[in-house]
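The values are calculated or read from the model by the stated rules, or taken from the named source; none is laboratory data. Since this is a predicted model, take the numbers as computed values, not measurements. Glycine gets a Cβ as well: all are built from the backbone with ideal geometry, and neighbour counts include every protein chain shown.
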Amino acid sequence: MKNKTVRITERSKTIDQAVAEKMKSLNVKFLGLFNPVPYEMVSYRPVLVPYNMLIYYYSMQKGPQKTKFLNRQGEIAIIFDANEVHGFHFDLVEKERFRTKSNNLSELDQPFELLQKNCTEQEMEQKCYDMIRYKYLQRISRGRSEIKLRKKNEFYRPAVEMVVAARGKEMVKYAYLDQYALSSEHISGLKVRLDS
């Protein structure tokens, strides 16, 4: 496993910086005065989290078959976290800024543990298909749509797997070491850009 070569997003933070930022985001003060749920660090380890970028082609029929000028087609991408088994839309306009590099695990400056996927390829593709059809395309039209997988790229994100405790319970959180976590990982309130 140590000689395995994988694609990894570029690191932009040290482990200490990522852990400090994550703990700060967890321990939010209410009205700037007190922290209602204090989190404490139990342990942490550097890991590589498995992800996939899936690019789908879609074609939508918005009106009667004779009026084809109302139809839409294009590409839509999903970034899928194969560890926590969920996906979110990725804006293809940002694709050029999203870079991964091929690395041999034995040549990394720190020992990162490679996390295993918690879903099969079929489950991942089905979840992405359902997201596109029922979450994104239905916002535009409830007409007939065709969705096909065009490309799938596997990559890993360097992260710190943190075990934190709050109110007597332990939970696992991830602090990512790449720039992608800072600039593009805004899942809530994300507006989907579809090619017209």
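Here are a few things to note about the model shown:
- Single match in 30, 98 (criterion: modelled with pLDDT under 85, closer than 25 Å to residue 173 by Cβ and buried (at least 16 other Cβ atoms within 10 Å of the Cβ)): 98
- For the residues 37, 49, 19, the requirement of being of a type in the set (Val, Ile, Thr), exposed (fewer than 12 other Cβ atoms within 10 Å of the Cβ) and either in a helix (DSSP H, G or I) or touching a residue at least 40 places away in the same chain (Cβ under 8 Å) (or both) singles out 37.
- For the range 68-82, the criterion of being within 14 Å of the chain's Cα centre (by Cα), modelled with pLDDT of 80 or more and within 14 Å of residue 176 (Cα to Cα) is met by at least one residue.
- Residue match in the range 78-96 (condition: part of a helix (DSSP H, G or I) and in contact with a helix residue (DSSP H, G or I) (Cβ under 9 Å, 6 or more places away or on another chain)): yes
- Hey, residue 41 under 30 Å from residue 170 (Cα atoms) and either under 17 Å from the mean Cα position of the chain (by Cα) or at pLDDT below 95 (or both) or not: yes
- Residue match in the range 128-145 (condition: charged (D, E, K, R), modelled with pLDDT of 95 or more and not in a loop (DSSP other than H, G, I, E, B)): no
- Candidate set: the range 95-142, residues that are over 30 Å from residue 61 (Cβ atoms) and among the aromatic types (Phe, Trp, Tyr); chosen: the one nearest to the chain's Cα centre (by Cα): 98
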